[in-house]
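In what follows, a structure is listed as structure tokens, so that the remarks can point back to it.
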Amino acid sequence: MTIRIGDWLGEAWELIRQDFWIHVLVALIFSAVAATQLGWLIVGPLTCSYQYMIIRKLTQPHQGLTLNDLGKGFDVFLDAFVAWLLIGAFGTLGLVACLVGAIVVSGLLFFTLPLVIDRRMGFWDAITTSYNRTKSNWLGMTWLVIVLGLMVIGLTALTGGLGYFVAFPLQTVATVLAYRDNFGLARSEGPPAPAPPYPA
């Protein structure tokens, strides 16, 4: 289980700089969707779409980001939607115990949506695969969730909300980079590769 928070954030920033305004526009779309009554319904698939865009950039670095890929998460709508609901439900159960419990759950299920969009896993397989991979370093994953969350909150608060349009892309790109370093990227024209075996 690899944890390289500083490296992921540094690489994420370099990637964002290459397509800066596309990332800002995606963040704007997310904020607009979240403000609607249907936001809860499509935020999971939309998150998968954004992660797909980043995965495509990593596997085809000569190509720029395109908003045409922002609908790709809807190819796995049901699994993305249910996975998002279950992550929220498990997080709420953790919150009942304490705030730290909710953060720990978020860390354990951190890779669920990337597994859904990159390897086309069903929602439950993605949840259990993420859990099995992260449980050996749950403390490091908890710290990763805390750092990324504080970054978004801090940059947003310190800039009167404008920092969100940079912080949210940084958080999402860093998530995909963490997924890449722990699972590899399966995206190709052929069938997706299986996830690597769990560590002992």
Checklist entry - For residues in the range 15-39 being under 23 Å from D75 (Cβ atoms) and free of Cβ contacts under 8 Å to residues at least 12 places away in the same chain, which is surrounded by the most Cβ atoms within 10 Å (Cβ to Cβ)? => result G39
Checklist entry - How many residues are under 16 Å from the mean Cα position of the chain (by Cα) and among the hydrophobic types (A, V, I, L, M, F, W, C) when one looks only at the range 133-157? => result 10
Next on the checklist: Quick check on the range 129-149: of everything there that is in contact with a Gly (Cβ under 9 Å, 6 or more places away or on another chain) and without any contact (Cβ under 8 Å) to a residue 40 or more places away in the chain, which residue is farthest from N182 (Cα to Cα)?
Outcome noted: L139
Checklist entry - Has the range 147-164 got any residue that is assigned to a helix (DSSP H, G or I) and surrounded by 22 or more Cβ atoms within 10 Å (Cβ to Cβ)? => result yes
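Any read-out appearing in this document is the output of simple, stated calculations on the displayed coordinates, not a laboratory observation. None of the values given here were measured: they were computed from a predicted structure. Note: ideal-geometry Cβ built from the backbone for every residue, glycine included; neighbour counts use all protein chains shown.
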